[in-house]
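The values are calculated or read from the model by the stated rules, or taken from the named source; none is laboratory data. A quick note: this is a predicted structure, and the numbers were derived from the prediction, not measured. FYI the Cβ positions are ideal-geometry reconstructions off the backbone, even for glycines, and counts take in every protein chain you see. The accessibility values were calculated without ligands, DNA or RNA, using every heavy atom of the protein model including side chains. Shrake-Rupley method; radii C 1.70, N 1.55, O 1.52, S 1.80 Å.
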Amino acid sequence: MNRTRQLLQQLQLAATANAVRNVGPIPRPRPALPQRVLIVEDGRVLAKNMKTYLARSASDVRTAADATQAFAMLDEFVPDALVLDYGLPGADGLQIYAEIVRRKGRRIVCVMVTGDSSIQLADDARELGIQHVICKPFQFSELQRILEIAAETEAGSDLERPAVDSIS
């Protein structure tokens, strides 16, 4: 009986050792979505759908249809990230981002959403500190993944640099 117990223990140890050898690399945890997101988008349906999708993982997602609404909202809401349409009424997304940064005194993780796929727009966005520009149409899962990566990448970076000059 004792010999049988010893054999069983040896078999269990061998099976455990085999399982450990066959495990492979441990997957990295998925980065977290910023918890407070402001979406500035004049397309009501698109804004609503982005909000619904992102609210599954973020605790506070708000929308604004234009610069005036966004600036008013920023008086009481401090977003961790912006999803900003480039083609907004009254001012383009680059101007709005520059003004938000000026008002807050710091850069904010931002994903610019646009129908304009020009390299010039991407360069102008990067000059302001917007590292992510995606073209419409896009998948909401792609937007979420970009926000997660941007938040993780830029969390320890120089987002706290001085703000850019005001727009006229």
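Details
- Every residue from the range 70-99 that is touching a residue at least 24 places away in the same chain (Cβ under 8 Å), part of a helix (DSSP H, G or I) and either among the small types (Gly, Ala, Ser) or out of contact with any strand residue (DSSP E or B) (no Cβ under 7 Å at 6 or more places or on another chain) (or both): Ala70, Phe71, Gly93, Leu94, Gln95, Ala98, Glu99
- Breaking point among (1) at negative phi; (2) free of Cβ contacts under 8 Å to residues at least 40 places away in the same chain, for Tyr53: (2)
- Residue check for Ser59: free of Cβ contacts under 8 Å to residues at least 60 places away in the same chain and under 15 Å from Ile39 (Cα atoms): yes
- Checking each residue in the range 108-130 for being surrounded by 14 or more Cβ atoms within 10 Å (Cβ to Cβ) and aliphatic (A, V, I, L, M) picks out Ile108, Val109, Val111, Met112, Val113, Leu121, Ala122, Ala125, Leu128, Ile130.
Here is a yes/no grid of residues against (1) touching a helix residue (DSSP H, G or I) at 6+ places or on another chain (Cβ under 9 Å); (2) open to solvent by 20 Å² or more (accessible area, probe 1.4 Å):
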residue	(1), (2)
Ala55	no, yes
Asp66	yes, yes
Gln69	no, yes
Gly90	yes, yes
Ile96	yes, no
Arg106	no, yes
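- In the set Gly87, Gly105, Gly93, Gly24, only one residue is more than 18 Å from the chain's Cα centre (by Cα), of a type outside the set (S, T, N, Q) and at pLDDT 90 or above; that residue is Gly87.
- Check on Val133, within 15 Å of Val37 (Cα to Cα), at pLDDT 90 or above and either open to solvent by 10 Å² or more (accessible area, probe 1.4 Å) or part of a strand (DSSP E or B) (or both): no
- Within the range 108-126, tally of residues that are among the charged types (D, E, K, R), over 19 Å from the mean Cα position of the chain (by Cα) and assigned to a helix (DSSP H, G or I): 2
- The number of residues in the range 136-150 being crowded, with 17+ Cβ neighbours inside 10 Å, touching a Phe, Trp or Tyr at 6+ places or on another chain (Cβ under 9 Å) and farther than 15 Å from Leu84 by Cα comes to 0.
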